[in-house]
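The values are calculated or read from the model by the stated rules, or taken from the named source; none is laboratory data. Just so you know, these numbers come straight off a predicted model, no measurement behind them. Note that we place each Cβ from the backbone using ideal geometry, even for glycine, and neighbour counts take in every protein chain shown. Just so you know, the surface numbers come from the protein's heavy atoms only, side chains and all, with ligands and any DNA or RNA stripped out. Shrake-Rupley method; radii C 1.70, N 1.55, O 1.52, S 1.80 Å.
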Amino acid sequence: MATRTFAGGIHPPEYKEQTNSLPVEQIDLPQQVIIPLHQHTGAPCTPKVNVGESVTVGQVIGDSDAFISAPVHSSVAGHVVAIEPLPYFNNTRVLSVVIEVEGDQVWVPDQDPLDYRDINVEDIRQAVRQAGVVGLGGAAFPTHVKLTPPKNKPIDSVIINGCECEPYLTCDHRIMLERPQDVVLGANIARKAVGASKVYIGIETNKPDAIRVMQEVAGEEQDMEVVPLEVKYPEGAEKQLIKAVLDRRVPPGKLPSEVGALVQNVGTAVAIAEAVTLGKPLFERVLTVTGPCIAQPKNLKIRIGTPVSHVLEQCGGFSQTPRKVIMGGPMTGWAQSSLDVPVVKGTSGIVALPESMVSEAKWHNCVRCGKCVKACPMFLLPNFIGMYAEAHNYDKAEKFDVLDCFECGACAYVCPSRRPLVQFFRNAKAEIMARRRRA
Amino acid sequence: MLQAIISMAVVGAVFGGLLGFAAQKFAVPVDPKVEQIKRALPGANCGACGFVGCSELADAIATGKVAHTACTVGGTTAARDIAKVLGLEEETEEKEQPVAHVYCVGGRTECGNRYEYDGIPDCRAASMLQGGGFRECAHGCLGLGTCVRACPFGAIYIDKNGLAVVDETKCTGCARCVAVCPKNIIQMAPRSRKVHVLCSNTEKGAVVRKICKVGCIACKACVKACQYDAIHVEDNLARIDYEKCTNCGECAKKCPTKCIVDFQLGAEAKQAS
């Protein structure tokens, strides 16, 4: 099979065999769900419910007037017991709505499935926004914003991202196997919304069954092509995927619309399909619970707001004491200090790693081996940027384009000195942005 | 030998002459006041005034862009010297120099860590991790020394307990540390005020009690103890109104968690509490 790819990148072990043959399951609901009101990139939502009020499945509980934002819906039926800042999977606390689960928990569409061909473009975007759909790959960028490209930049290609290049995660793989029709439907809707002609579905060759299934379904559609891609991290990163599939390079600091491309994750495609045809809000998502410490690794369809501790309980708990529990994939995810945090729209997995897999070696000075330079998919010089950031020379770090780093972690993965390069870059980026705000 | 001496002397004379000519021909007129003002300034280039360094501030003062009291670090002494240079008639008012305080006393022994942190030794980097850092308290001092590195006067150090501490005698009130602290727990206070609520946690008392032995639990004992209406609890945190405070220290005596510290009692008392 001819495979396309980008330059740079790494080949971490995949560890996907634990869950890639397990169908997506549902689990029992927890007693309480915690729904943060800021699960997306952009403006936070303000609560639309009060403490004591009862809510139904799919009811809007938070919204914002800002364009770059997405409403938040209740994932369960019950009543609101608290609205307060609670721990969130990254950094600090986020204003969250706590809902006590009670009553009938089934969501029923109040409309017959619509045919997207009869819906005009503006209504598609509205439906996507109202359903609170955001990118489910991890960054949680509001999808309706992506479906509204600038007028002067026509988009010709929609790329559906089925790479799933992060080790361990298999949720996108399962979505492609189990719901290929919905993926294709979502791709068609996205294609109509941005006025593109071609659809590409990029899948890494370590998922031959998904490639076969998608090829069968996509073959019946016009101008839709499944593109097998080399197994390499970070193949599923937006800019790298565009390079691999279309051989176009997104200029630094610009968006994919600059080169006429739109990238959507397969999970997002399904969410778009459900939002537009059924009016279904994004209140549940598929994620992978895996790692050597999980007793029964699973692919699960989980209501947003379910506490991680409950999810782990439903997977049989820990088989051995974990050293690190990560939300998201092991490369770009966030290590957690508490299991009370809820699953949110951007959570693609929960990975529990044992002591033996967590490096605690001290980091050292750069030995100038240049491995990070070869690994960097953005062609940056992580060695220099890291040293400048370490010396608090942020001006120089900015000159070496630290702002183009999207924190894939390939450099830190290959570093023989175990330098915490991504942390250096994150710190430098935050400092540079703070200085710009002050200026 | 003689040849060498003569040639060197000629070369020296020619270049010396050229330099002397250039110095007069291309001389940039400098206001002599600028030089004098610069001498009156502390010369630390700390940037507290908002200018790039002392030279730029001296320039701005000489041209009348800012008042002669613009340097906080130099304080009244510098302002008076500058007033002399500028020939100002009126007497410069005595202005109190502020001093920085770290509003947290929950060190390693009082407030534990939620997880081990082995990343880069920088508070800003650590505060970007889950939960706002590795300490139990999301508002507390991380003790990785970002403020220590920012201080141009060497007035901050990290004590054995993992806490940033300001040496009042060295602090000049430039507020560089205030700007870099990601937890916003370093604040300026009037130098004459000696009683401070050294806690920044705005969570409810019950939560604070669980995670820190010396956190403010918003019990309001201090509010009751104060005869001058100078201490109030807002957002579950006691704060002193420094304009009303008289340094009586009653609140510090009543504080059950000892997060109110009376610096008049001296170092030994502080250690004991």
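Conditions (1) over 30 Å from B:ASP159 (Cβ atoms); (2) outside the structural domain of B:GLY140 (by TED's automatic domain parsing), marked per residue:
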| position | (1), (2) |
| --- | --- |
| B:ALA62 | yes, yes |
| B:THR72 | no, yes |
| B:ILE82 | yes, yes |
| B:VAL102 | no, no |
| B:VAL105 | no, no |
| B:ARG114 | no, no |
| B:CYS123 | no, no |
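Here the helices (runs of 4 or more DSSP H) wholly within the stretch A:366-428 that include at least 2 residues being without any contact (Cβ under 8 Å) to a residue 60 or more places away in the chain, within 13 Å of chain B (Cβ to nearest Cβ) and open to solvent by 10 Å² or more (accessible area, probe 1.4 Å) are A:382-390. Being touching a helix residue (DSSP H, G or I) at 6+ places or on another chain (Cβ under 7 Å) and more than 14 Å from every other protein chain (Cβ to nearest Cβ) is the filter here, so list the residues in the stretch B:91-119 that pass it. Those that are touching a helix residue (DSSP H, G or I) at 6+ places or on another chain (Cβ under 7 Å) and more than 14 Å from every other protein chain (Cβ to nearest Cβ): B:THR92, B:GLU94, B:LYS95, B:GLN97, B:ALA100, B:CYS111. Scan the stretch B:243-256 and give yes if some residue there is basic (Lys, Arg), open to solvent by 30 Å² or more (accessible area, probe 1.4 Å), over 23 Å from B:GLU168 (Cα atoms) and modelled with pLDDT under 90, otherwise no. Scanning the stretch B:243-256 turns up no residue that is basic (Lys, Arg), open to solvent by 30 Å² or more (accessible area, probe 1.4 Å), over 23 Å from B:GLU168 (Cα atoms) and modelled with pLDDT under 90.
Okay, residues lined up against (1) open to solvent by less than 40 Å² (accessible area, probe 1.4 Å); (2) in the same structural domain as A:LYS429 (by TED's automatic domain parsing); (3) more than 30 Å from A:ASN120 (Cα to Cα):
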site	(1), (2), (3)
A:ARG249	no, no, yes
A:ASN265	yes, no, no
A:ILE272	yes, no, no
A:LYS298	yes, no, yes
A:SER337	yes, no, yes
A:VAL341	yes, no, yes
A:GLY346	yes, no, no
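Sub-6 Å Cβ pairs linking a first residue in the stretch B:120-136 that is more than 7 Å from chain A (Cβ to nearest Cβ) to a second residue that is assigned to a helix (DSSP H, G or I) and of a type in the set (Ser, Thr, Tyr), at least 6 apart or interchain, are B:CYS123/B:THR146, ordered by first then second residue.
So that you can scan it fast, the table gives a plain yes or no per residue for (1) among the charged types (D, E, K, R); (2) open to solvent by 20 Å² or more (accessible area, probe 1.4 Å); (3) touching a Leu at 6+ places or on another chain (Cβ under 6 Å):
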position	(1), (2), (3)
B:CYS111	no, no, no
B:ALA126	no, no, yes
B:GLU136	yes, yes, no
B:HIS139	no, yes, no
B:LEU144	no, yes, no
B:CYS147	no, no, no
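Applying the criterion of being within 14 Å of another protein chain (Cβ to nearest Cβ) and of a type in the set (A, V, I, L, M) to the residues of the stretch A:354-365, the residue that is farthest from the chain's Cα centre (by Cα) is A:ALA361. Figure legend. Inter-residue proximity from the stretch A:327-338: first residues away from chain B (no Cβ under 11 Å), second residues open to solvent by 30 Å² or more (accessible area, probe 1.4 Å), beta-carbon distance below 7 Å, spacing 6+ or different chains. Indicated pairs: A:GLY328/A:GLY138; A:GLY328/A:TRP334; A:THR332/A:GLY138; A:THR332/A:GLU407. Residue-level analysis places B:GLY43 among those that are at pLDDT below 90, open to solvent by 40 Å² or more (accessible area, probe 1.4 Å), at positive phi and not assigned by TED's automatic domain parsing to the domain that holds B:ALA175.
Mind checking which residues of the stretch B:92-115 are without any contact (Cβ under 8 Å) to a residue 40 or more places away in the chain and either of a type in the set (Val, Ile, Thr) or out of contact with any Asp or Glu (no Cβ under 8 Å at 6 or more places or on another chain) (or both)?
B:THR92, B:GLU93, B:GLU94, B:LYS95, B:TYR115
Looking at this structure, is B:GLU91 part of a helix (DSSP H, G or I), outside the structural domain of B:CYS171 (by TED's automatic domain parsing) and open to solvent by 50 Å² or more (accessible area, probe 1.4 Å)? No: the conditions fail for B:GLU91. Annotation note: Cβ proximity below 8 Å between a residue of the stretch A:159-175 that is farther than 13 Å from A:ILE203 by Cβ and outside any helix (DSSP H, G or I) and a residue that is aromatic (Phe, Trp, Tyr) and open to solvent by less than 10 Å² (accessible area, probe 1.4 Å) (sequence gap 6+ or interchain) occurs for A:GLU166/A:TYR233; A:PRO167/A:TYR233.
Filter the stretch A:304-337 down to the residues that are within 17 Å of the chain's Cα centre (by Cα), assigned to a strand (DSSP E or B) and not β-branched (Val, Ile, Thr) and list them by number. Hits for the stretch A:304-337 are A:MET327, A:TRP334, A:ALA335.
Inside the stretch A:87-111, can you point out the residues that are in a loop (DSSP other than H, G, I, E, B), more than 14 Å from every other protein chain (Cβ to nearest Cβ) and either of a type in the set (Ser, Thr, Tyr) or open to solvent by 30 Å² or more (accessible area, probe 1.4 Å) (or both)? The answer is A:GLU102, A:GLY103, A:ASP104, A:VAL106, A:TRP107, A:VAL108, A:PRO109, A:ASP110, A:GLN111.
Residue-level check: of (1) more than 17 Å from B:LYS194 (Cα to Cα); (2) without any contact (Cβ under 8 Å) to a residue 24 or more places away in the chain; (3) not small (Gly, Ala, Ser), B:LEU265 misses just (1).
Just give me the residues in the stretch A:196-209 being open to solvent by 10 Å² or more (accessible area, probe 1.4 Å) and either under 18 Å from A:ALA237 (Cα atoms) or among the acidic types (Asp, Glu) (or both), in sequence order.
Across the stretch A:196-209, the qualifying residues are A:TYR200, A:THR205, A:ASN206, A:ASP209.
Among the residues of the stretch A:176-203, write down those that are within 30 Å of A:MET357 (Cβ to Cβ), in contact (Cβ under 8 Å) with a residue 40 or more places away in the chain and more than 17 Å from the chain's Cα centre (by Cα). Scanning the stretch A:176-203 gives a single hit, A:GLU178.
Could you tell me whether any residue of the stretch B:211-218 is open to solvent by less than 60 Å² (accessible area, probe 1.4 Å) and free of Cβ contacts under 8 Å to residues at least 24 places away in the same chain? For the stretch B:211-218, residues open to solvent by less than 60 Å² (accessible area, probe 1.4 Å) and free of Cβ contacts under 8 Å to residues at least 24 places away in the same chain: present.
Looking across the stretch A:215-241, the residues that are in a helix (DSSP H, G or I) and buried (at least 24 other Cβ atoms within 10 Å of the Cβ) come down to A:LYS239, A:GLN240, A:LEU241.
B:ALA155 - would you say it is within 14 Å of another protein chain (Cβ to nearest Cβ) and either within 28 Å of A:LYS429 (Cβ to Cβ) or surrounded by fewer than 23 Cβ atoms within 10 Å (Cβ to Cβ) (or both)? No, not satisfied.
Looking only at residues in the stretch A:56-86 that are open to solvent by less than 50 Å² (accessible area, probe 1.4 Å) and within 14 Å of another protein chain (Cβ to nearest Cβ), the one that is farthest from A:PRO36 (Cα to Cα) is A:ALA82. Per the conditions (1) touching a Gly at 6+ places or on another chain (Cβ under 8 Å); (2) crowded, with 19+ Cβ neighbours inside 10 Å, the sole criterion not satisfied by A:ALA193 is (1).
When each of A:GLU216, A:GLU166, A:GLU221 is tested for being of a type in the set (Asp, Glu) and under 25 Å from A:ILE326 (Cβ atoms), the lone residue that passes is A:GLU166. Out of curiosity, is A:ALA237 at pLDDT 95 or above and not polar (S, T, N, Q)? Criteria not met by A:ALA237.
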